[in-house]
Structures are given as C-alpha cells and as structure tokens.
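Everything on this sheet refers to the single structure shown next.
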Amino acid sequence: MSAANLINLELFIPALLIDVLAQKNFDLIAYWNVILACFIATLLVGALAWLVSRRLNLPIRLFVPSMMFNNSGNMGLPLAVFAFGEDALAMAVILFLVSNLLHSTLGLRIVGGRIAWWRVLTTPINIAMIIGLSISFNHWQLPQAIHLPIHMLGQIAVPLMLIALGVRMVDVDLSLWKVGVLGAIVRPIIGVASALVIMLFLPLEEGQKAQFLLFSTLPPAVLNYMFAEKYAQHPAEVASIVVIGNALSIITLLIMLLYLGSTGSLLN
C-alpha cells in the first residue's frame with residue numbers, strides 16, 4: 001500500500017481539502033470555537049499522557065505523541081460522514097487540519113527534537129490548506145473546468161483511506177501487545193475526558209459537541225508510526241500502539257456511537 005498511501009497523501013487528500021475549503025458555504029471564521037477546542041484538547045491530552053508515561057516509566061517520545069494525535073484522517077473523515085452526514089465533513093476537515101498542523105510541528109518537535117519549517121510548509125497537504133483557505137477568505141469561485149477534476153480526485157481520498165486502514169489491521173505485533181493495549185485504553189479515556197472539560201468552557205453547538213466527542217474517541221494516528229520509524233524512536237512499540245489501538249477502537253467507537261445515538265445526535 002506504500003504507493004497508494006503516497007498518492008493519497010500527496011494528491012487525493014490535498015484535492016479533498018481544496019474541494020471542501022473552497023465550497024461557498026464554508027466559513028473558517030465560523031469554526032473558531034472548533035479550532036480552539038481541537039488545539040486545547042491536543043495539548044491537554046499531551047499533558048495527561050505525559051503524566052501517565054511518567055507514572056508507568058514509559059519513554060515520552062514513545063507514548064505522548066501516540067496519545068496526542070489521533071486518526072482524524074483515514075478514520076475520522078469517513079466516520080464523521082457516516083455518523084452525521086455530508087454536512088459534517090467541513091468540521092471533520094477542520095479537526096483534521098488542526099491536528100495535522102500540530103502533528104507536523106509540535107509532534108515532530110517531541111519525536112525528532114527539531115522542526116524543518118520549510119518542509120512543513122511545502123508538504124502537499126499544507127499547500128492545499130493554504131490554497132483552499134485563500135479561496136475561502138477571498139470568496140473566489142473556481143471555474144467548473146478546474147473545480148470538477150479537483151472534486152473527483154478528492155472523492156477518491158476517503159474510500160482509499162478505509163482500504164489502507166483495513167490493510168494496516170493485518171500488521172498487529174502480538175509480542176508487544178501490552179503497550180498496544182495500554183495505548184488503546186488510555187487514548188479514548190483521556191481524549192473523552194479532555195473533550196468533556198473543554199465543552200464546559202467553550203461555546204460549542206450541540207451538533208459540534210457530538211462530533212467533537214466522536215473525534216476525541218478516535219485511536220492513534222498511523223502517522224505516529226511513520227515519525228517514530230523516521231527518527232528511530234521505538235518504532236515497533238509505536239506500531240503496536242497504532243495498530244492495536246485502531247483494532248480495538250471498534251469497541252470504543254461503538255460505545256460512543258451508541259451513546260450519541262441514544263441522544264439523537266446521529267444521522268437517521
């Protein structure tokens with residue numbers, strides 16, 4: 001899946017971002033509360049994960065980033081649409097953008113000890129974010145001959161994300177199951193706890209609260225493993241956290257979906 005994942009990261013996902021951000025009804029300023037909530041939640045989860053890692057004598061570079069940055073891309077985007085409908089895609093993209101931006105800056109600082117700012121700014125996802133936000137802020141309308149191909153390319157991203165996630169499920173390393181199960185349990189607990197605290201202080205709408213709770217339940221991002229492997233920071237253990245966390249998220253996400261369904265928040 002390496003070639004397919006690379007094409008998705010460098011072409012289809014950027015096309016999806018431009019497509020969503022360039023829509024007429026998309027207003028980034030209207031999502032200021034969601035942006036702030038995601039930013040604070042990521043930092044709060046990181047602080048709680050740091051306390052857990054110190055308590056259990058786990059390396060910070062192994063455990064903390066894996067808890068801070070969740071699978072808001074290849075699981076978060078399709079799950080939001082499945083649970084709340086197409087209208088939820090805009091907020092899901094916002095959550096993904098904020099999480100991805102923090103991951104490519106603060107996350108790299110934690111794992112690698114340094115940040116190559118030029119590389120961060122020139123990644124296709126961030127370039128697409130800049131293009132999409134420029135179109136949105138200036139209220140430009142793309143010609144149909146340009147917008148339609150971008151829209152068609154963007155529609156490939158979510159299904160391909162689901163295929164890649166399914167393929168990743170076969171790579172569970174049972175020899176490191178303890179740290180994997182620990183991460184699978186800790187991540188949704190501190191994620192939901194952080195979200196509940198934030199919702200007490202930030203003015204989120206009811207629909208936004210439901211989607212934010214679902215976002216907070218998501219398992220660790222696959223990108224955590226890629227960074228750990230690149231900087232040689234316990235890649236095998238991080239892979240176990242990522243894969244087992246995503247596998248067991250079937251249970252934790254089901255519990256959250258059942259709860260949201262009981263409140264009438266899900267798409268009928």
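The values are calculated or read from the model by the stated rules, or taken from the named source; none is laboratory data. Keep in mind that what you see is a predicted model, and the values were worked out from it rather than measured. Using ideal geometry, Cβ is built from the backbone for each residue, glycine included, and neighbour counts are taken over all protein chains shown.
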field: Residue that is part of a helix (DSSP H, G or I) and surrounded by fewer than 20 Cβ atoms within 10 Å (Cβ to Cβ), where the choices are Leu266, Leu260, Leu204
entry: Leu260
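Inside segment 37-57, can you point out the residues that are in a helix (DSSP H, G or I), farther than 30 Å from Glu205 by Cβ and without any contact (Cβ under 8 Å) to a residue 24 or more places away in the chain?
We begin by selecting, within segment 37-57, every residue in a helix (DSSP H, G or I); these are 37-55.
When the remaining residues are screened for being farther than 30 Å from Glu205 by Cβ, the result is 50-55.
Residues satisfying the conditions are Trp50, Leu51, Ser53, Arg54, Arg55.
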- prompt: List pairs: first in segment 18-36 and at pLDDT below 85, second part of a loop (DSSP other than H, G, I, E, B), Cβ under 8 Å, 6+ apart or cross-chain?
  reply: Val20/Phe26; Ala22/Trp140; Ala22/Leu142; Lys24/Gln141
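Filtering segment 214-248 down to residues that are of a type in the set (Phe, Trp, Tyr) and assigned to a helix (DSSP H, G or I), which residue is farthest from Gly180 (Cα to Cα)?
Residues of segment 214-248 that are of a type in the set (Phe, Trp, Tyr), as a first pass: 215, 225, 227, 231.
Right, trim to assigned to a helix (DSSP H, G or I) and you get 215, 225, 227.
Values: Phe215: 20, Tyr225: 12, Phe227: 17 Å.
The extreme case among them is Phe215.
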task: Find all pairs meeting these conditions: Cβ atoms under 9 angstrom apart; at least six residues apart or on different chains; first residue within segment 98-110 and closer than 19 Å to Leu77 by Cα; second residue of a type in the set (Phe, Trp, Tyr) and modelled with pLDDT of 85 or more.
output: Val98/Phe39; Ser99/Phe69; Ser99/Phe215; Asn100/Phe69; Leu102/Phe39; Leu102/Phe69; His103/Phe69
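Yes/no per residue for (1) modelled with pLDDT of 85 or more; (2) in contact with a helix residue (DSSP H, G or I) (Cβ under 6 Å, 6 or more places away or on another chain); (3) closer than 17 Å to Gly76 by Cβ:
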| position | (1), (2), (3) |
| --- | --- |
| Leu218 | yes, yes, yes |
| Lys230 | no, no, no |
| Pro235 | no, yes, no |
| Ala239 | no, yes, no |
| Met256 | yes, yes, yes |
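Does segment 172-185 contain at least one residue that is in a helix (DSSP H, G or I), among the aliphatic types (A, V, I, L, M), crowded, with 18+ Cβ neighbours inside 10 Å and at pLDDT below 85?
Within segment 172-185, the subset in a helix (DSSP H, G or I) is 174-185.
With the extra rule that they be among the aliphatic types (A, V, I, L, M), the set shrinks to 174, 176, 179, 181-182, 184-185.
Next cut, crowded, with 18+ Cβ neighbours inside 10 Å only: 176, 179, 182, 184.
Now drop any that are not at pLDDT below 85, which leaves 176.
Yes, there is a match, as at least one residue in segment 172-185 is in a helix (DSSP H, G or I), among the aliphatic types (A, V, I, L, M), crowded, with 18+ Cβ neighbours inside 10 Å and at pLDDT below 85.
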message: Against the conditions (1) within 14 Å of Ser216 (Cβ to Cβ); (2) surrounded by fewer than 24 Cβ atoms within 10 Å (Cβ to Cβ); (3) modelled with pLDDT under 95; (4) hydrophobic (A, V, I, L, M, F, W, C), where does Leu79 fall short? Just the number, please.
response: (2)
